[in-house]
Every structure is written in C-alpha cells, then in structure tokens.
Amino acid sequence: MPETQLTTAVVETLGNGYDVAAVRADFPILSREVGGQPLVYLDSANTSQKPRSVIAAISEHLAEHNANVSRAMHTLGAEATEAFEASRTKLAGFIGAARPEEVAFTKNASEALNLAAHTLGASLKPGDEIVISVLEHHSNIVPWQLLAQRTGAVLRWFDITEDGRLDLAKAEAEGLINERTKIVSLAWVSNVLGTVNPIRQIADQAHRVGAVMVVDGAQGVPQRPTSVTELGADLLAFTGHKMLGPTGIGAIWGRYELLETLPPFLGGGEMIEVVRMTGSTYARPPYRFEAGTQPIAEAVGLSAAVDYLTSVGMDAIAAHEEHLTAYALARLGAEPGVRLLGPSDAHERGGAISFTLATADGEQIHPHDVMQFLDARGIAVRGGHHCARPLHERLGITASTRASLYLYTTTSEIDALAEGLAYVRDFFGGKR
Amino acid sequence: MSCDVEAMYAEIILDHYKAKHHSGLRDPYQAQVTHVNPTCGDEIMLRLALDGDRIADVSYEAVGCSISQASTSVMTDLVIGKSVAEAMELQQEFTEMMHSRGEIEPDEDRLEDGVAFVGVAKFPARVKCALLGWSAFKDAAIQAAGNREGQE
C-alpha cells in the first residue's frame, strides 16, 4: 500500500518537533465547517488564515489606541504612531533590512510593484530593456507593460523549462540580460508552479550590467526565512495577508541609497517636506512613498503576524512546507488523471501545487468544476489562471486547479484532497 | 452537501456539456464577438446570422467549464429560429433567473432546458460562467441589428 508507506514516512520526517496541531489551535477559522464538513483550507497562496493573536492585536488597537499617526500629537496619536513605527521596525528585522527606514508600507504587493515600476521608470529611455519572466503573476507583468508603453522601453521575458524552472541557458544564449537592461523583476517563488527562482544568481548578473533587481516576494516572504542582503534584491515587494496579517497592507523594501534616489509615487499628505504653490519638496524615504493616512491597524496586525511567524520559526515553517510539498507531489501525482505542473521535486519548490485533472477517458475536467465539487466536501482550492495567464498559455492550458499549503496544513488534508479528486474524476467519468 | 453539488450538475447540464449543440464557427454571419471571463480566462467567440428579423444561426467556439459550455449549448437551442426581440426576452429571463439566487420558479415552457441552471444560481461565483454565452449572444444581436439598420 503506497499510501500507508507515504503516511509513515511523513510522520517520521516530521518527528522534528513541529507541532502542527498546536499551530492549528491558534487559528479559529480552521475549526469551522463548510457544508457540514470540516474545512480543508488549501488556498493559502491566495490568502492565509489569521491566528488569534493577529485578530486580537487589530481589535485591541482599534479599541484602545486608535488615532492617526504622525500628524496627531495627542496621547492617542503618539501611541498609534509608536505602534505603527514599531511594526515597520519589526518587519525590517523580519526580512533582514539594514534599517527600518528601508521599509515603506503599501496597500499590497501589487501596489509595491507599481511603486517600483513608477519610480524606477522615471529614468527610463526608449530602447532601455526591462526583463521579467513568463511565470510571473499579473502584478509583476502589467506594471512593467504600462511602463514600457509610457517610456518606449522594451519588455523582455525569461522562458521556462519543461520542469517549470527559469530557462537560464536560453536566456544566456539570447543575451537576455545585457548592457541595455535597466530593470530585472522576478518572483522569488511562483504562485502557480511553486518554483523558487535563483534570485541571487540573476541579481548578480543584473548588477554586473548596472540593472536594478526587483523581487516579487509575495509568495516567498511568507514561506522562507528572508534576508534581503542574501537574496540580492534592490527592491522587494510583499504583502501582509499572505503571511498571516490582514488585507490592505503590504510593503516595499529597498536599499536606502536606492530609495533616496527615487522620486515619489503617489502625492498627498505626509509624503512632503514643504508644499508651496510654486512646487513642493518631498520627505525622505520611507515617508516619501507613504502618501495619505496609512493602514495603521493593519500594520499593528501585521506586526503580530510577524511575531507569530517568528515564534514558530521561519526555518521550521519552511521545513514543514517542504515535507508537505513532497508528500503532496507524491500523493497527488499517484492519482490517475492528475497532471502536476511545475517542478516535480520538492527541493527549491514552494507549496503552491497546481494541476489539471482528466477523466479515465482522458477528458479534461475544468478547474471551476473541480473547485465546485471539492468545495462541496469542505475543501477550498483555487481554480482558474491564478493571475498568471501568460504562464498558462505557455503551458498550453487555459486554467488549472491549485492547492496551496502553509504552516497549519496537514498531510490528512492532502489525503482529503486526493480522495476528493478521485470523486470528481469518477463523477465526470460517468462512474457515479 | 455533495448531493447539492450533484443536483447543481444536473443530468441536463452534463448532457449539454457533452453534446455542445450548434458548436463550431460557421459562415455567413452578421456579427462576431469574443467574450471572456477574466478570472478564469474562459473564452467564447460567437457568430450570429440573421435572416431578416429571425435568428438563422448562432455558432461558436468556446473554452470553459461545464456550466458555461452547457449554458451556451442551451442558449443556441432556445434562440435559433426566434425573432431578435423574442430571443432578447429569453436572454433577459435567463439572466434574471441566474441573479435570483435560485429563488424564482423559472418558466419551463419558455426556458426549456435552461431551467436546469436555477440550481447554479445558488452559487454566486458561478453565475458568470452560466452567463458567458448569453452575454456574448446579446452583444452579437445588438451589433447585428445595428449593422442591419446601417444597411437599410
């Protein structure tokens, strides 16, 4: 029985003290039912669930310390400002930034990437080149397409190999990164294939030709220990809600010397130095990039999320994710009709596992239909192109089903998914 | 719950999904439109041929889930042979049913196999799937009618 062997193997490899039951107990939503069945939440790459401490921190802030930051000088204003800046400091420490001023808050990773495109783009000229890859999320495609349209710069793309990794050999042969390259922007971890990109290696290449390395960390930062210096990025975009924090808050980290050279993104309150009718001067980073009232309670929530992740330990979280990914790749890969997308090896691979499903007759079952049947069994997955349409086109499909894992996911949830897929396959194959 | 989902995927829907009545692109036509469902990338290219005020043919090529494919198949059965005005009324009725959250009793004499989709209306996320072909049809009918007036 291969199933039993797998389970045993995972129990053994997880005998490293990682207590997933204790983690799950901290997430109230994980004990609810959907359609009369226990929730099996396999959509964390879309958004993560929130531990009680995050929910409590937001609630406590709003109940006891709510005021605007910086401009409100009264006691509550001072408390709110302190909490907001403490969140910045905590986040900076979490990603290994040299100083808190290297972190500017944004609404989400998309806004952070738009900020990068707008501010870096101010100095682009026609014929300059921007390099991205075919496996990017739309958030790391569209801002660069818009920038290329505005400036006359040329957008160029990394292709992928059959195994779903960046095709470095092809890029080398094409001279993809060259003296015309001004910006390289890549996902650290693919939200569809789970691929972990060799950012350090590509950043070194980019830096050799004087280009700026932008990294979309939306999937990477929640899953892996992050050190911006080791990563090799100049700018790193990420979002709070995929790392146990609330929606409505994200961040961009940048090397301070680079941030200082960048123009403002949005204009408004608190991003200025002096405003005159003849023109304005701007605040120093990070405030230059934080126009208008910021998501303050959300920053407090994100700070609590960082505390939670740190208490579990990012090394332990990454190890748990790798074990689960290996388990899921084996378990789902053994299901008839399942075609897994992306690297087949859990090493250097995140826990986003996308696949297609066909009946015994080889008829493809649409991901919307798969999603609907799984939802009826309490299993939450995502069906669609996961905001990565060019990637799906490259893979020759219009959509896929994605299960994504996180620190609270268990092997029995992956078993439930596999059983659910067998049910869907048989239903559409006319066996039910 | 799995009973609900199996009820949603009624036999009629699965039959249309397999049969895909009137699929394929045909000539001649007076209007051709492409509609997409941006969240999943599902797509339909639809052509409409008029004979005077009658809908002579609706032909299409589509990729999509069983709900969108079946709904398009049912739509072609319903509108081909009708006048544009009658077909637009059916489009209106079907759309209302889909936005009813499954709470209105659809008229089987008018919507025929289309009534099977009342179960889908209980799943708000899938309403767009069921309407993809219908909205493409509506758009094409407006264009074709406009083109015809232009020629007169």
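The values are calculated or read from the model by the stated rules, or taken from the named source; none is laboratory data. Every value quoted in this text rests on a predicted model; they were computed, and no experiment measured them. Heads up, the Cβs are rebuilt from the backbone with ideal geometry, glycines too, and the neighbour counts pull from every protein chain shown. The accessibility values were calculated without ligands, DNA or RNA, using every heavy atom of the protein model including side chains. Shrake-Rupley method; radii C 1.70, N 1.55, O 1.52, S 1.80 Å.
Observations on the model:
- For the stretch A:336-372, a residue qualifies if it is more than 14 Å from chain B (Cβ to nearest Cβ), in a strand (DSSP E or B) and among the small types (G, A, S), and exactly one does: A:A352.
- The set of residues from the stretch B:121-139 being assigned to a helix (DSSP H, G or I) and either open to solvent by 20 Å² or more (accessible area, probe 1.4 Å) or touching a Lys or Arg at 6+ places or on another chain (Cβ under 7 Å) (or both) comprises B:A121, B:K122, B:P124, B:A125, B:K128, B:L131, B:S135, B:K138, B:D139.
- Filtering the stretch A:396-418 to residues that are closer than 17 Å to A:R382 by Cα and within 14 Å of chain B (Cβ to nearest Cβ) leaves A:I397, A:T398, A:A399, A:S400, A:T401, A:R402, A:A416.
- Residues of the stretch B:121-152 satisfying the condition of being in contact (Cβ under 8 Å) with a residue 24 or more places away in the chain and within 14 Å of chain A (Cβ to nearest Cβ): B:A121, B:K122, B:F123, B:R126, B:V127, B:K128, B:C129, B:A130, B:L131, B:L132
- Test: residue in the stretch A:331-340 that is within 20 Å of the chain's Cα centre (by Cα), more than 19 Å from A:Y18 (Cβ to Cβ) and open to solvent by less than 10 Å² (accessible area, probe 1.4 Å): no
- Checking each residue in the stretch A:373-384 for being hydrophobic (A, V, I, L, M, F, W, C), open to solvent by less than 10 Å² (accessible area, probe 1.4 Å) and part of a loop (DSSP other than H, G, I, E, B) picks out only A:A376.
- All positions within the stretch A:253-287 that are assigned to a helix (DSSP H, G or I) and open to solvent by 30 Å² or more (accessible area, probe 1.4 Å): A:E257, A:E260, A:T261, A:Y287
- Members of the stretch A:121-151 that are assigned to a loop (DSSP other than H, G, I, E, B) and under 17 Å from A:A388 (Cα atoms): A:V134, A:L135, A:E136, A:H137, A:I141
- Qualifying residues in the stretch A:195-225 (those that are β-branched (V, I, T) and in contact with a Leu (Cβ under 8 Å, 6 or more places away or on another chain)) - the one nearest to A:A403 (Cα to Cα): A:T195
- Residue check, A:G217 touching a Phe, Trp or Tyr at 6+ places or on another chain (Cβ under 6 Å) and in contact (Cβ under 8 Å) with a residue 60 or more places away in the chain: yes
- Of all residues in the stretch A:25-39, those that are in contact (Cβ under 8 Å) with a residue 60 or more places away in the chain and small (G, A, S) have Cβ atoms under 8 Å from Cβ atoms of residues that are assigned to a helix (DSSP H, G or I) and open to solvent by less than 60 Å² (accessible area, probe 1.4 Å), 6 or more apart or on another chain, in A:G35/A:D375.
- Residue within the stretch A:41-57 that is over 27 Å from A:G350 (Cα atoms), open to solvent by less than 50 Å² (accessible area, probe 1.4 Å) and modelled with pLDDT of 95 or more present: yes
- When residues of the stretch B:1-37 are limited to those that are part of a loop (DSSP other than H, G, I, E, B) and within 9 Å of another protein chain (Cβ to nearest Cβ), the one modelled with the lowest pLDDT: B:M1
- Members of the stretch A:69-93 that are open to solvent by 30 Å² or more (accessible area, probe 1.4 Å), of a type outside the set (S, T, Y) and out of contact with any His (no Cβ under 8 Å at 6 or more places or on another chain): A:R71, A:M73, A:H74, A:A78, A:E82, A:E85, A:A86, A:K90, A:G93
- Residues of the stretch A:58-68 satisfying the condition of being open to solvent by less than 50 Å² (accessible area, probe 1.4 Å) and free of Cβ contacts under 8 Å to residues at least 24 places away in the same chain: A:A67
- Scanning the stretch A:98-111 for residues that are open to solvent by less than 20 Å² (accessible area, probe 1.4 Å) and within 19 Å of the chain's Cα centre (by Cα) returns A:V103, A:A104, A:F105, A:T106, A:A109.
- Residue within the stretch A:415-425 that is basic (K, R), under 30 Å from A:I317 (Cβ atoms) and either more than 26 Å from the chain's Cα centre (by Cα) or in a strand (DSSP E or B) (or both) present: no
- Given (1) open to solvent by less than 10 Å² (accessible area, probe 1.4 Å); (2) outside any helix (DSSP H, G or I), number of the condition A:C387 does not satisfy: (1)
- Residue count, the stretch A:135-157 (criterion: of a type in the set (A, V, I, L, M) and buried (at least 18 other Cβ atoms within 10 Å of the Cβ)): 5
- For the stretch B:53-120, the helices (runs of 4 or more DSSP H) that sit wholly inside it and include 3 or more residues that are within 14 Å of chain A (Cβ to nearest Cβ) and buried (at least 19 other Cβ atoms within 10 Å of the Cβ) are B:66-79.
- Every residue from the stretch A:373-395 that is over 30 Å from A:P51 (Cβ atoms) and more than 10 Å from chain B (Cβ to nearest Cβ): A:P390, A:L391, A:R394, A:L395
- The stretch A:419-432 - residue that is away from every other protein chain (no Cβ under 12 Å) and among the aliphatic types (A, V, I, L, M) and, of those, surrounded by the most Cβ atoms within 10 Å (Cβ to Cβ): A:L421
- Among the residues of the stretch B:38-48, those identified as under 19 Å from A:T398 (Cα atoms) and modelled with pLDDT of 95 or more are B:I44, B:M45, B:L46.
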